[in-house]
1. Glu332 to Val546: FRET efficiency via 1/(1 + (r/R0)^6), r the Cβ-Cβ distance, R0 25 Å, to the nearest 0.05?
2. Report the semi-axes of the equivalent ellipsoid for the range 561-701 in whole Å, largest first, where each axis is √(5λ) for an eigenvalue λ of the Cα gyration tensor.
3. Residues of the range 190-305: accessible area per residue at 1.4 Å, in Å²?
4. Which entries of Lys7/Lys453; Lys4/Lys600; Lys24/Lys453; Lys600/Lys660; Lys7/Lys142 have Cα-Cα distances beyond 22 Å here?
5. Could you check how many percent of all C-alpha pairs in the range 140-267 are farther apart than 20 Å?
6. Can you grab the distance from the C-alpha centre of the range 328-382 to the C-alpha centre of the range 496-563, Å, no decimals?
7. List the pair-distance distribution P(r) of the range 231-281, using every Cα-Cα distance, as the percent of pairs falling in each 10 Å bin from 0 up to the bin containing the longest distance, rounded to whole percents.
8. Which FRET efficiency, nearest 0.05, do Ile29 and Asp80 yield, Cβ-Cβ r, R0 30 Å?
Amino acid sequence: MTQKDVKTYCRFCHAYCPMVATVKDDRLIALAPDTDNEIYGGYTCVKGRQMLEQIYQPERFEHSQKRASDGSLSPIASTDALDEIATQLSDILAKYGPRAIASYNGTYSFQNSAAHSVARAFHGAIESPSYYTSVTIDQPAKVAIAPARMGVWTAGNHMWSDSDVSLVIGNNTLISHFSVPGGVPSFSPANALREGRKRGLKLIVIDPRESEVAKRADLHLQIKPGQDAALLACMIQIIIREGLYDQAFCEEHTRSFDTLDEATQPFTPEKVAAAAGIPEAQIYEAARIFGRGPRGSAATGTGPEMGPHPNLMQHLSLCLNAICGRHTRAGERMPNTGVLTPEAPVFAQAMPPQPQWLQEGERSRVVDDVYETTVLSPYGPLNEMPTGLMADEILEPGDGKIRALICVGGNPALACPDQEKMHRALADLDLLVCVDIKESATAQLADYILAPKVCLEREDVTLLTDIWHDKPYSQYTQAVVPARGDEVEEWQVFWELAKRMGVTLELNGEPVDMETLPPKLDLLRSMTRGSRVPIDEIAAREGGHVYDLADVIAEPADPATKGHLELFPEGLGDELATAYADMDANNSDYPLLLVSRRMKYTHNSTGPELSLLRAKNSYNPTFMHSDDLEALGLEDGDEISVASRHGDIPGIVHRSDDIKPGVVSMSHSWGGNPDPEHNVDTQFRNMGSNTNRLIDNLHEIERYSAMPRLSSIPVSITKRAP
């Protein structure tokens with residue numbers, strides 16, 4: 001018998017916490033934090049520590065499955081399944097064209113460092129634009145719309161580690177373990193908060209709930225949901241009126257400052273305070289703390305990005321950073337330009353707006369003015385279709401109708417808006433292939449379920465988080481334990497299908513070997529060609545490491561390419577007018593506002609199947625303030641009905657006085673298959689309820705992204721009959 005300790009990192013979520021795995025006779029027997037890691041300091045979360053059970057859970061598939069005509073599943077060799085899938089895809093491609101073949105790449109597909117690049121290469125090879133990811137469900141405003149409309153400061157904004165102030169808008173990193181640079185870091189967030197407070201950083205949080213991060217804030221503005229954009233417009237006004245903005249930066253690097261000033265003047269502190277349900281003095285205090293800085297950033301989370309006016313809210317948060325000059329200047333040291341990205345000069349200047357990104361590429365067949373979404377990545381702009389319209393692209397007849405879907409590391413039956421429509425769409429497909437470890441709500445409809453390796457059974461590198469750290473940090477991990485059955489990797493699925501369909505994949509301009517399955521490291525070499533640290537050097541090291549690289553100093557602007565940040569793009573005036581009108585909105589039929597929330601023991605639809613996490617939460621409670629419970633005659637633990645204009649779901653009330661009165665809070669991606677034969681409404685104590693049943697995916701959609709309102713949903717609540 002042999003036993004060894006292996007340094008690796010968790011891929012349960014985006015935080016990538018380092019761990020030490022204890023392996024005995026090729027079986028994982030223990031997981032512990034890597035206390036030697038200088039970035040994380042031994043931090044792990046409760047979800048990641050359950051990976052041992054995730055590998056060996058009884059429900060996990062170790063062999064691929066094929067569904068028979070009677071609905072039953074039976075094991076099938078992965079090679080045979082891929083042969084059959086490729087044949088069907090080839091037939092669909094020949095008969096209906098490339099757009100008929102789609103893939104949905106969910107949250108877990110992001111954790112496989114080669115999955116997205118190979119999936120995109122597959123789509124490129126068959127010329128299909130029908131590439132979807134989870135990122136356009138909840139944050140297209142951040143990753144796509146805002147950069148296209150405003151432009152981007154190429155040297156980046158101030159990081160948490162060198163900030164005097166941080167404005168966090170609807171983000172709870174202590175639970176979600178996700179934040180963009182400038183907010184509370186995803187990596188050991190509790191330690192980052194302590195370090196920031198120790199050196200005097202002022203933390204301002206805007207959130208309708210006294211979240212775990214809000215509890216640690218210097219100032220918490222407990223806002224009424226949906227008023228974030230109005231509040232930011234008001235803060236911009238205060239900063240301008242009191243001369244707290246960076247006049248020199250604005251004159252040299254921005255455009256339309258006067259137009260922004262004039263258009264935000266109606267958002268007075270008095271009016272916004274009344275609409276947002278917060279003291280007027282708090283708005284002044286927040287604006288002054290942020291405006292005086294002198295260093296710091298505003299950072300948004302998925303909370304307000306899923307609510308009303310996300311494009312406007314995100315743009316105004318960037319306007320705060322721009323008018324206050326919260327960007328790295330010429331001569332300043334860049335915190336981290338990445339380890340796996342190529343060496344290149346960085347200029348302290350604006351990349352101008354790219355309005356063509358909003359109206360080029362494939363056009364939606366469902367909404368006329370929506371096109372492919374262009375996501376700006378460290379490797380350039382990347383296109384994908386907006387996931388909010390995926391169900392309609394399947395159901396809408398005619399040329400371009402999606403007929404085959406490959407679902408990788410995701411559960412769109414629970415995650416996507418308008419759940420019942422999404423269920424109809426998935427059932428309507430000619431071919432549904434799920435790469436999943438279990439029979440999830442989506443996989444219950446699949447023709448084939450391909451069993452994947454889980455993270456500790458495969459090698460990976462921290463590609464996703466490469467530029468999120470404030471130091472040049474990276475970690476490569478070999479597979480900790482071998483797969484026990486006939487499992488495949490997510491990227492391998494697309495390579496195997498491409499080979500069988502007779503097409504050649506290309507990564508970063510290099511052709512992929514299509515004769516013999518390439519080692520994953522070969523793919524990563526192509527993807528990171530020319531990186532500051534060769535990936536082979538990273539792969540040769542054990543554990544995570546901060547690399548001793550020369551400082552990158554931001555260079556003066558290049559006159560030939562220098563642009564300006566656009567503070568008032570086309571359409572912003574209409575968005576401000578709508579947000580202004582919404583300050584007076586009131587819905588007597590649905591008087592409460594339902595907002596989403598993260599939960600400690602689950603990550604989207606993953607977690608309830610694991611024993612420790614399920615013992616904490618077998619359902620997603622409906623959290624309400626005591627005042628609302630009393631007004632409705634409810635007691636803690638009562639069964640209720642939560643109704644919107646679109647639908648209703650059952651729930652269980654939990655008293656939670658950390659939430660603003662008038663607000664209801666539930667976690668998303670719970671519940672199960674909404675088909676009546678599954679009787680989900682009689683099982684909500686065991687599986688929770690899916691809030692996407694309350695959402696019409698074509699109602700109140702955002703321009704450019706077609707994103708519906710997923711949070712701040714007007715609802716009514718009544719007690720269920722015994």
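1. It comes to 0.80.
2. Numbers: eigenvalues 208, 88, 54 Å².
Working through the eigenvalues yields semi-axes of 32, 21, 16 Å.
3. Values: 4590 Å² over 116 residues.
Solvent-accessible surface per residue comes out at 40 Å².
4. Values: Lys7/Lys453 18 Å; Lys4/Lys600 31 Å; Lys24/Lys453 19 Å; Lys600/Lys660 20 Å; Lys7/Lys142 34 Å.
Among Lys7/Lys453; Lys4/Lys600; Lys24/Lys453; Lys600/Lys660; Lys7/Lys142, the Cα-Cα distance tops 22 Å for Lys4/Lys600; Lys7/Lys142.
5. On the way: 4354 of 8128 pairs.
I get 54 percent for the Cα pairs in the range 140-267 exceeding 20 Å.
6. Measuring centre to centre over Cα atoms gives 18 Å.
7. All Cα pairs, binned at 10 Å, distribute as 25, 49, 21, 5 percent.
8. Numbers: r = 34 Å, r/R0 = 1.12.
It comes out at approximately 0.35.
The values are calculated or read from the model by the stated rules, or taken from the named source; none is laboratory data. Predicted model, so just to flag it, every value in this text is computed and none were measured. Note that each Cβ is placed from the backbone with ideal geometry, even for glycine, and that neighbours are counted across all protein chains shown. Ligands, DNA and RNA are excluded from the accessible area calculation, which covers all protein heavy atoms including side chains. Shrake-Rupley method; radii C 1.70, N 1.55, O 1.52, S 1.80 Å.
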